[in-house]
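Derivation of every value follows stated rules applied to the coordinates shown; laboratory data play no part. Note that the structure is predicted; figures quoted are calculated from it, not measured. As a convention, Cβ positions derive from the backbone with ideal geometry for all residues, glycine included, and neighbour counts pool all protein chains shown.
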Amino acid sequence: MNQNTPLSPLSPLFPRPPQHLQDVTHRVLSAAQLRARGVSAAQTSAQCLPGGSWQHLLPGVYLLHPEPPSGQERLHGALLYAGRPPVSSRRTPPEPSDAGFGEAMVTGLAALALYGFAAAPDLAALHRIDVLVPRTRRLRSTRF
């Protein structure tokens with residue numbers, strides 16, 4: 001494997017059957033989850049170069065395909081970004097099965113859409129996803 005070898009979700013690093021890839025949790029991963037699966041920071045950066053097969057969705061969150069993110073993928077990415085532990089508490093690498101949301105919670109129109117409120121727009125139509133985080137967290141607002 002060299003820097004030009006694409007790391008698709010079907011590569012040996014992600015030994016899951018294709019039907020399992022329909023789950024959004026395997027299309028959006030945090031940097032810590034990628035490291036726990038054996039993907040180095042250099043490999044991640046190489047995949048996110050222009051024309052690469054991955055995208056940098058939010059700081060520390062990656063979309064493992066080149067297409068625009070779906071509403072579910074944006075929601076999952078926002079929760080991964082907001083729920084990651086602060087640097088001071090990152091002592092051990094997370095388990096690959098760890099959702100990584102921490103204490104983050106979806107609120108606003110995205111929460112209403114998840115609960116199926118008829119008046120709420122579809123997740124894909126939302127321009128903004130609001131997430132509640134503990135007051136001890138210091139996150140900057142960011143856009144997709």
Next item on the list: Pop a pseudo-label 7 angstrom from the Cα along the beta-carbon direction at both ASP122 and THR25 and give the gap in nm to one decimal.
Entry: 2.5 nm
Notebook entry, point to check: Amide H to amide H under 5 Å from LEU58: which residues, 5+ apart in sequence or cross-chain, H placed 1.01 Å off N in plane?
Noted result: none
Notebook entry, point to check: Given the Cα-Cα distance of THR136 and CYS48 and 0.36 nm per residue of separation, how much length would full extension add, in nm?
Noted result: 28.6 nm
